[in-house]
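Student: Here it is, the structure, as structure tokens.
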Amino acid sequence: MAANPNSASSSKHHKSINLSGASPLEDMGEKLEKQVDPFGITTSMLNAQAAWLMHPQELSRVMTGLSGDLLALQAHVMRRALGLPSEDVVRPHEDDSRFSDPVWEQSPTWDIMKEWYLAMTHRLEDMYFETPGLSDKERRRAAFWLRQWLNAVAPTNFFWTNPVALRKFVESKGESLARGMENYLKDSQSGTVRMVDEDAFKVGVDLATTPGQVVFRNRLVELIQYTPTTAQVYKQPIVIVTPWINKFYILDLTAKKSLVRYLVEKGFTVFITSWKNPTEDMSQVTYEDYVTEGVHEVMEAARTICKVPQVNAVGYCIGGTTLTAYMAWANRKFGSADKVPVSSWTLFTTLTDFSRPGDIEVFVDPASVKWIEDSMAKKGYLDGKEMMSSFRMLRSNSLIWHYYVHSYLYGEPLAPFDVLFWNVDSTRMPYAMHSYYLREMYLNNNLVKKDALTIGGEAIELERITQPLYAVTAEDDHIAPWRQCYRIRKYVSAPTRFVLSTSGHILGIVNPPVNPPKRSYWVGEPERGENIERWEAAAEKRPGSWWEDWVQWLVPKSGALVAPPKPHKDFPALVPAPGTYVLEP
């Protein structure tokens, strides 16, 4: 076909619009979102609203349900106004303590305010979760940001609509509000709503006090070996790979709460990782470095010190995900199971399949990851305070607004809570490592894909892992949902003992035995690929702490009782526990 002779000259004099690409308006919107709304807060809310408008039949059904609530509320208001008894139309969820004071039920005025707020909140949240025409992820995302707004406008968060704050003001003759202003000014200086006083504890004095020595150190990690307290110890040691999102001493808080101390008293030689808090010059440290220079080298050090061919390994949260990657790498690299440095492994609240990572997914999509990467590129790391802020938003009522109300409106001092002190003792993450983790795990979910990741020159696959696994999850975990953690049973070939503990991501693990028992757990040994409903039906519920069950599982895998290992010339004691890395700001 002959070319149009006028086309060339025409293109020289006229600039046509490329309709195949994004429009100027879309380009402007995308640039604005990157600068102003990188996490898609406005976009997700508008998408949900537009979706409802495009489904009038479903919208009509929802509005009919809301109308029924409003009619019931009006009748409730009339009865309360006349002084007649009336059952609440809507009640707070069991874990919602905002309206726990009796005044919210006893006083008709405050009861009516509470009821209207809860009715609208519950209906709107349900509505967004059921938004038609959107993907599951987008519905959850829109509902999450709606919930943040609803939590922020709760009547309990404002002085004139909080009867407890008004009562405390009168009883203290104004002192409660004066103290609240002092707390507010302190928080303004720290740039956050504080949960605990920064001087409430001192690491190495009040926390992380189990005796031990740092016996190995490189640019990434210190390895602490704890001093035995029994005449004999099991020959095969335990090596705990902690997460580097926070500092290691969550597993060695106080003497009563320390998992480390508990294991030492049971006759185990215990090692634990204490990761360096990375600085700008470590921006190019990779995830592979954490596996090979971190996990592998501490396993080798523990084997050498204890003079054993294999150890029992433990991984917690991101430390557990990395231990999983290490196990796949080691099984590929060393070939046979008896040559792998680890003979059994344990995971605490660990995700390996990131297809449904829980509420955290609202912060992890291509646009938000790109924004996080751009931010890290400027500093060389992700500031721990930024991640802590995100995690607090996942439970904003209990981790933000509770402290806002009690500190500012009630004027109460901050309680010295050891877990919260550890939680705010934040750490940074290197740019290269964290970018890789966000993309390969959260965005691409490559850890569970055959040979999709290469570490230390080895393509890894979870199916190659055959070493016995003890996996612990937590019922109320919002960071690593237990049902998603269970999916590891689909991928590894290892015989598995799976445990579901009550409580959440931290207290489900920091769960010492007490009498009478405070918590309970379910335990069972699912076959590979067994569906979660079948495991739930067959699992045995037990009162108390899973720590005792875990020790029973570990003992036959830990060898004979022998004299404690002697100091090794290649791994001399460097400094007493808790070491130096944990004290770095």
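The values are calculated or read from the model by the stated rules, or taken from the named source; none is laboratory data. If you're wondering where the values come from, they're calculated on a predicted model, not measured in any experiment. Note: ideal-geometry Cβ built from the backbone for every residue, glycine included; neighbour counts use all protein chains shown. Heavy atoms of the whole protein, side chains included, go into the accessibility calculation; ligands, DNA and RNA do not. Shrake-Rupley method; radii C 1.70, N 1.55, O 1.52, S 1.80 Å.
Student: Evaluate segment 459-470: report whether one residue or more is among the hydrophobic types (A, V, I, L, M, F, W, C), touching a Ser or Thr at 6+ places or on another chain (Cβ under 6 Å) and crowded, with 21+ Cβ neighbours inside 10 Å.
Tutor: Yes, some residue in segment 459-470 is among the hydrophobic types (A, V, I, L, M, F, W, C), touching a Ser or Thr at 6+ places or on another chain (Cβ under 6 Å) and crowded, with 21+ Cβ neighbours inside 10 Å.
Student: Here's something else I'd like to know. Which residue pairs have Cβ atoms closer than 6 Å, lie 6 or more positions apart in sequence or on different chains, and pair a first residue in segment 217-246 that is without any contact (Cβ under 8 Å) to a residue 40 or more places away in the chain and closer than 11 Å to residue 264 by Cβ with a second residue that is part of a strand (DSSP E or B) and open to solvent by less than 30 Å² (accessible area, probe 1.4 Å)?
Tutor: The qualifying pairs are 227/212.
Student: May I pose another question? So in segment 408-440, with the set limited to residues that are of a type in the set (D, E, K, R) and within 23 Å of residue 321 (Cα to Cα), which one is most open to solvent (accessible area, probe 1.4 Å)?
Tutor: 439
Student: Also, I was wondering about something else. Pick from 99, 39: which is touching a Pro at 6+ places or on another chain (Cβ under 7 Å) and in a loop (DSSP other than H, G, I, E, B)? Before you say what the answer is, go through the steps one by one.
Tutor: Details: 39 fails: touching a Pro at 6+ places or on another chain (Cβ under 7 Å).
Just one listed residue meets the conditions, 99.
Results for (1) assigned to a helix (DSSP H, G or I); (2) crowded, with 21+ Cβ neighbours inside 10 Å, shown as yes or no for each residue.
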site	(1), (2)
230	no, no
257	no, no
273	no, yes
278	no, yes
299	yes, yes
302	yes, yes
309	no, no
313	no, yes
319	yes, yes
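Student: Moving on to the next point. Of the conditions (1) open to solvent by 50 Å² or more (accessible area, probe 1.4 Å); (2) part of a helix (DSSP H, G or I), residue 368 satisfies every one except a single condition; which number is it?
Tutor: (1)
Student: Against the condition in contact (Cβ under 8 Å) with a residue 60 or more places away in the chain, in a loop (DSSP other than H, G, I, E, B) and polar (S, T, N, Q), how does residue 210 come out, does it pass?
Tutor: In short, yes.
Student: Next up: Just the residues that are within 23 Å of residue 318 (Cα to Cα) and either open to solvent by 40 Å² or more (accessible area, probe 1.4 Å) or in contact with a strand residue (DSSP E or B) (Cβ under 7 Å, 6 or more places away or on another chain) (or both), please, taken from segment 512-521. Give the derivation first.
Tutor: Initially, segment 512-521 is screened for residues within 23 Å of residue 318 (Cα to Cα), giving 512, 521.
521 - this is the single residue of segment 512-521 that is within 23 Å of residue 318 (Cα to Cα) and either open to solvent by 40 Å² or more (accessible area, probe 1.4 Å) or in contact with a strand residue (DSSP E or B) (Cβ under 7 Å, 6 or more places away or on another chain) (or both).
Student: Within segment 510-528, is there a residue that is part of a loop (DSSP other than H, G, I, E, B), of a type in the set (Val, Ile, Thr) and touching a residue at least 40 places away in the same chain (Cβ under 8 Å)?
Tutor: Step one: list which residues in segment 510-528 are part of a loop (DSSP other than H, G, I, E, B), which gives 510-519, 525-528.
With the extra rule that they be of a type in the set (Val, Ile, Thr), the set shrinks to 510, 514.
Restricting the remaining residues to those that are touching a residue at least 40 places away in the same chain (Cβ under 8 Å) gives 510.
Taking every residue of segment 510-528 in turn, at least one turns out to be part of a loop (DSSP other than H, G, I, E, B), of a type in the set (Val, Ile, Thr) and touching a residue at least 40 places away in the same chain (Cβ under 8 Å).
Student: Just for segment 473-511: of the residues that are over 16 Å from residue 545 (Cβ atoms) and basic (Lys, Arg), which one is surrounded by the fewest Cβ atoms within 10 Å (Cβ to Cβ)?
Tutor: Per the criteria, the residue is 483.
Student: May I pose another question? Can you tell me which residue within segment 197-207, out of those that are among the charged types (D, E, K, R) and in contact (Cβ under 8 Å) with a residue 24 or more places away in the chain, is most open to solvent (accessible area, probe 1.4 Å)?
Tutor: Ranking the candidates gives 198 first.
Student: Being among the polar types (S, T, N, Q) and either touching a residue at least 12 places away in the same chain (Cβ under 8 Å) or buried (at least 22 other Cβ atoms within 10 Å of the Cβ) (or both) is the filter here; which residues of segment 330-364 pass it?
Tutor: Of everything in segment 330-364, those that are among the polar types (S, T, N, Q) and either touching a residue at least 12 places away in the same chain (Cβ under 8 Å) or buried (at least 22 other Cβ atoms within 10 Å of the Cβ) (or both) turn out to be 331, 343, 344, 346, 349, 350, 352, 355.
Student: A further question follows. Considering segment 372-407 alone, what residues qualify as being over 30 Å from residue 181 (Cβ atoms) and buried (at least 19 other Cβ atoms within 10 Å of the Cβ)?
Tutor: 372, 376, 381, 382
Student: Looking at residue 236, is it more than 25 Å from the chain's Cα centre (by Cα), closer than 17 Å to residue 557 by Cβ and not charged (D, E, K, R)?
Tutor: For residue 236, the condition - more than 25 Å from the chain's Cα centre (by Cα), closer than 17 Å to residue 557 by Cβ and not charged (D, E, K, R) - is met.
Student: A further question on this structure: Right, residue 292: assigned to a helix (DSSP H, G or I) and buried (at least 20 other Cβ atoms within 10 Å of the Cβ) or not?
Tutor: So residue 292 fails the test.
Student: Got a number for residues in segment 126-138 being among the basic types (Lys, Arg) and either out of contact with any helix residue (DSSP H, G or I) (no Cβ under 9 Å at 6 or more places or on another chain) or not in a helix (DSSP H, G or I) (or both)?
Tutor: 0
Student: Here's a follow-up. Among the candidates 194, 147, 141, 123, single out the residue that is in contact with a helix residue (DSSP H, G or I) (Cβ under 9 Å, 6 or more places away or on another chain), basic (Lys, Arg), within 20 Å of residue 44 (Cβ to Cβ) and open to solvent by less than 40 Å² (accessible area, probe 1.4 Å).
Tutor: Residue meeting the stated conditions: 141.
Student: Tell me the residue from 92, 85 that is surrounded by 17 or more Cβ atoms within 10 Å (Cβ to Cβ) and either under 36 Å from the mean Cα position of the chain (by Cα) or part of a loop (DSSP other than H, G, I, E, B) (or both), please.
Tutor: Step by step, each of 92, 85 is checked, and only 92 is surrounded by 17 or more Cβ atoms within 10 Å (Cβ to Cβ) and either under 36 Å from the mean Cα position of the chain (by Cα) or part of a loop (DSSP other than H, G, I, E, B) (or both).
Student: Have a look at 540, 530, 536 and point out the one that is in contact with a helix residue (DSSP H, G or I) (Cβ under 8 Å, 6 or more places away or on another chain) and among the acidic types (Asp, Glu). Walk me through how you get there before you give the answer.
Tutor: Values: 540 fails: in contact with a helix residue (DSSP H, G or I) (Cβ under 8 Å, 6 or more places away or on another chain); 536 fails: in contact with a helix residue (DSSP H, G or I) (Cβ under 8 Å, 6 or more places away or on another chain).
Within the list 540, 530, 536, the selection yields 530.
Student: Also, I was wondering about something else. Of all the residues that make up segment 543-584, how many are in contact with a Phe, Trp or Tyr (Cβ under 7 Å, 6 or more places away or on another chain), open to solvent by 60 Å² or more (accessible area, probe 1.4 Å) and under 30 Å from residue 475 (Cα atoms)?
Tutor: Total meeting the criteria: 0.
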